[in-house]
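The structure appears below as structure tokens.
The values are calculated or read from the model by the stated rules, or taken from the named source; none is laboratory data. The structure presented is a predicted model; accordingly, all values stated were derived computationally and were not measured. Cβ sites come from the backbone with ideal geometry, for glycine too, and all protein chains shown count toward neighbours. Calculation scope for accessible area: heavy atoms of the full protein, side chains included, ligands and nucleic acids excluded. Shrake-Rupley method; radii C 1.70, N 1.55, O 1.52, S 1.80 Å.
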Amino acid sequence: MKNIWIICRKELKSYFASPIAYGLMAFFAAISGYFFYVITAVFVQRGIQSQMMGQSFPMDVNEWVVRGFLSNVSVIGLFLIPMITMRLFAEEKRTGTIELLVTSPVKDIEVIAGKWLAALILYAGILLISALNLAILFLYGKPDWKPILVGYLGLLLLGGALLAIGTFISTTTKNQIIAGTATFAVCLLLWVFDWVSYETTTWAKVMSYLSVVAHFEPFSKGVLDSKDIIFYLSMIFLGLFLTARSLESLRWRS
Amino acid sequence: MIKVEGLSKRYARTVAVDQISFEVSKGEIVGFLGPNGAGKTTTMRILTCFLPPTAGAASVAGFDVLTQPLEVKKRIGYLPETPPLYPEMEVREYLYFVGRLKGIPKSDIATRVDEVSERCAVTDVRTKLISKLSKGYRQRVGLAQAIIHNPDVLILDEPTAGLDPKQILETRQLIKSLSGAHTIILSTHILPEVEQTCEKVIIISKGKVVATDSVHNLTNRLRGSEAVGLEVEPPQGSAGSAEIQQRLEQVPGVSRVLLRDSRDGRYTFEVESLQGRTVRGDLARSVVEAGWNLNELRPVALSLEEIFLQLTSSDETQSPVGAK
């Protein structure tokens with residue numbers, strides 16, 4: 001446990017020692033801020049319209065703003081993941097520092113967990129910026145905070161799963177660019193799998209089940225479903241397990 | 001302290017290390033000598049639990065590298081060929097990280113970092129970024145990293161590679177100063193380095209150990225005495241080989257005379273002299289005064305480099321000295 005934290009702290013420091021963390025945060029703040037603006041603007045416009053037409057059906061902030069916003073954030077997240085994970089192991093392999101980690105009296109799984117945790121913390125920090133947008137909603141309205149919390153839990157699980165896959169991909173190469181591109185491709189693939197969900201063949205069902213974004217849908221509505229949580233947790237486990245195998249095979253093959 | 005028995009490492013197609021065995025006792029400095037690609041790094045990586053062996057066993061301080069890697073890792077300080085440094089870290093920060101990783105408790109870490117910084121002469125750069133350091137400083141930070149948890153065994157892979165002569169000298173002195181408290185294995189392909197820093201040397205070539213000896217013995221055996229080869233031709237068989245040999249042995253300073261070859265009345269000898277004596281002039285005079293023809297007189301003293309080449313070159317040379 002102590003070792004995980006030592007590795008994690010070092011990784012976090014590395015993120016913030018380079019422009020990566022700041023760049024990602026700025027990029028994310030701009031994009032998510034723009035989406036938030038558009039969504040809120042539409043919501044406000046609709047509100048005024050329905051008021052002018054004398055309609056009085058209730059307009060739910062959670063339904064209209066939060067849900068759409070969180071869905072957008074989950075997709076922006078797909079673009080951030082590769083940039084967060086690409087250096088984790090690829091860089092260590094390139095500079096040879098992997099030898100230090102592997103010959104230190106720590107278990108492989110502690111190294112992996114530490115790195116993954118650092119990536120998750122950075123990702124969570126970036127998500128926190130989007131929470132600033134939602135905080136504005138609380139200033140002018142009365143959104144329900146529980147679905148928002150569930151939504152963020154979903155974002156964390158979604159991110160955790162993709163980060164685990166990215167961590168695994170990072171162990172397979174010395175080249176950060178390759179690691180990043182491959183991770184991006186996989187993230188994108190797991191996203192577009194959702195597009196076949198209207199089909200009813202078995203293949204399409206399997207594919208759409210694998211879509212990480214589809215499993216986020218309930219979270220964005222504030223629904224906590226154990227099947228989605230289990231899906232993400234097993235993705236995280238699979239990713240970290242593959243990372244451990246890959247790290248081990250590095251020594252057998254080298 | 002270190003015990004290696006029948007160790008082999010095979011990669012897909014090549015055999016990197018083939019059935020090597022050696023032992024290193026506590027407090028020794030052992031030089032691991034061999035050309036590039038001989039299997040030095042592979043052996044070291046097996047000892048540090050970075051690579052598992054294909055066959056054979058290796059143990060450090062009584063712990064097997066395969067079954068008890070964590071115990072072995074706790075007792076080993078390892079400096080790979082390129083020091084494993086994080087360029088974005090400060091020296092102090094880096095040593096702190098490695099120290100914690102190697103299990104130094106939080107309460108001791110600050111003093112320990114100061115100690116090794118002092119020891120490896122990196123105190124003056126301890127707040128600098130590692131990416132800004134010169135090669136020599138990086139090597140020293142790498143060394144500091146290896147000794148931070150005060151390991152029983154230090155494994156240094158080509159610790160002086162790529163340094164300038166002054167830095168090489170400093171690094172060697174540093175390594176020497178570390179002996180005693182630590183058992184040290186260092187690999188190199190530079191002979192004088194072994195001579196100057198190590199007590200024992202293991203010469204390895206193509207994955208096999210070709211010689212294990214103390215440096216003292218090895219240098220004595222190889223270059224302690226000057227050897228001279230001479231071809232003598234007594235006119236019309238006026239003297240036999242035994243007669244010539246006897247006369248040569250009487251030359252002051254000569255320690256040993258060997259008959260190497262005799263053909264058509266010409267005799268080739270190899271003469272070894274006592275340490276620090278030059279006997280070529282006396283030998284020549286002695287032969288000429290006896291009325292024999294001196295056809296050839298040449299030094300056959302092999303330099304360490306030549307011995308090394310002979311030991312490690314592909315054609316199996318029989319004996320290191322005098323093989324021509």
Rounded to 10°, Cα long-axis angle of helix A:19-52 versus longest principal axis of chain A: 20
Please compute the net charge surrounding B:ARG263, taking Lys and Arg as +1 and Asp and Glu as -1 over other residues with Cβ under 12 Å from its Cβ. -2
Column: log10 I(q)/I(0), Debye, Cα scatterers of the protein assembly as shown, q = 0.06 Å⁻¹: -0.48
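Within chain B, what is the longest stretch that has no GluC sites (Glu not before Pro) placed in a DSSP loop and near at most 15 other beta-carbon atoms within 10 Å?
B:1-198
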Accessible-area order for B:SER131, B:SER107, largest to smallest, probe 1.4 angstrom, reads B:SER107, B:SER131
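Multiply the residue gap between A:THR202 and A:SER226 by 0.36 nm, knock off their C-alpha separation, and tell me the result in nm, one decimal place.
On the way: separation 24, 0.36 × 24 = 8.64 nm, distance 2.28 nm.
Length gained between A:THR202 and A:SER226: 6.4 nm.
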What residues does the stretch A:1-45 have that are buried by at least 50 Å² of accessible area in the full protein assembly compared to the chain on its own, 1.4 angstrom probe? A:ILE6, A:LYS10
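Please give the length that would be gained between B:ASN295 and B:ARG10 if that part of the chain were fully extended, namely 0.36 nm times their separation in residues minus their C-alpha to C-alpha distance (nm, one decimal). Kindly include the intermediate steps, with their values, before the conclusion.
On the way: separation 285, 0.36 × 285 = 102.60 nm, distance 5.17 nm.
Working it through step by step, the gained length comes to 97.4 nm.
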Out of the chymotrypsin sites (Phe, Trp or Tyr not before Pro) in the stretch A:150-254, which ones are loop residues according to DSSP with at most 13 other C-beta atoms within 10 Å? A:TYR198
For the stretch A:2-253, treating each Cα as an identical point scatterer without solvent, what Debye log10 I(q)/I(0) comes out at q = 0.08 1/Å? -0.35
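Inverting the mean 1/r over all pairs of different Cα atoms, compute the Kirkwood radius of chain B and quote it in Å. Present the calculation step by step, with values, prior to reporting the outcome.
Numbers: mean 1/r = 0.0445 Å⁻¹.
Mean inverse Cα-Cα distance, inverted, gives 22.5 Å.
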Label-point gap, in nm, between B:ARG263 and B:ASP114 - each point 7 angstrom along Cα→Cβ: 7.4
Residues of the stretch B:82-105 with backbone nitrogen within less than 17 Å of a virtual label 7 Å along the Cα-to-Cβ line of A:MET25, please, listed as ranges. none
Inter-site label distance for B:ASP213 and A:PHE241 at 7 Å from Cα along Cβ, in nm: 5.7
Counting only protein heavy atoms and using a 1.4 Å probe, what share of the accessible area of the protein assembly as shown belongs to carbon plus sulfur, as a whole percent? 58
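For chain B, what does -39500 (n - 2.57) per DSSP helix run (n ≥ 4), summed and divided by total residues, give at 222 nm, in deg cm²/dmol to the nearest 500? Please report the intermediate quantities before stating the final value.
Values: 11 runs with 107 residues, N = 324.
Computed mean residue ellipticity for chain B: -9500 deg cm²/dmol.
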Mind grabbing the interface size between B and A? I mean buried accessible area, both sides, 1.4 Å probe, in Å² to the nearest hundred. 2600
Expected integer from the mean partner chain Cβ neighbour count at 10 Å over B:95-101 is 5
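Excluding ligands, DNA and RNA, what is the solvent-accessible area per residue of the protein assembly as shown at a probe of 1.4 Å, expressed in Å²?
Values: 26840 Å² over 578 residues.
For the protein assembly as shown, the solvent-accessible area averages 46 Å² per residue.
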Given a cut-off of 19 Å, name the pairs among A:LYS10/A:LYS93; A:LYS2/B:LYS106; A:LYS10/A:LYS107; B:LYS26/B:LYS102; B:LYS3/B:LYS74; A:LYS142/A:LYS221 whose C-alpha atoms lie farther apart than that in the structure shown. B:LYS26/B:LYS102
What angle, in degrees between 0 and 90 and rounded to the nearest 10, separates the Cα long axis of helix A:176-192 from the longest principal axis of the Cα atoms of chain A? 40
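A:LEU153 to A:SER234: extension gain in nm, 0.36 nm per residue of separation minus the Cα-Cα distance?
Values: separation 81, 0.36 × 81 = 29.16 nm, distance 1.56 nm.
Taking 0.36 nm per residue and subtracting the Cα distance, the gain is 27.6 nm.
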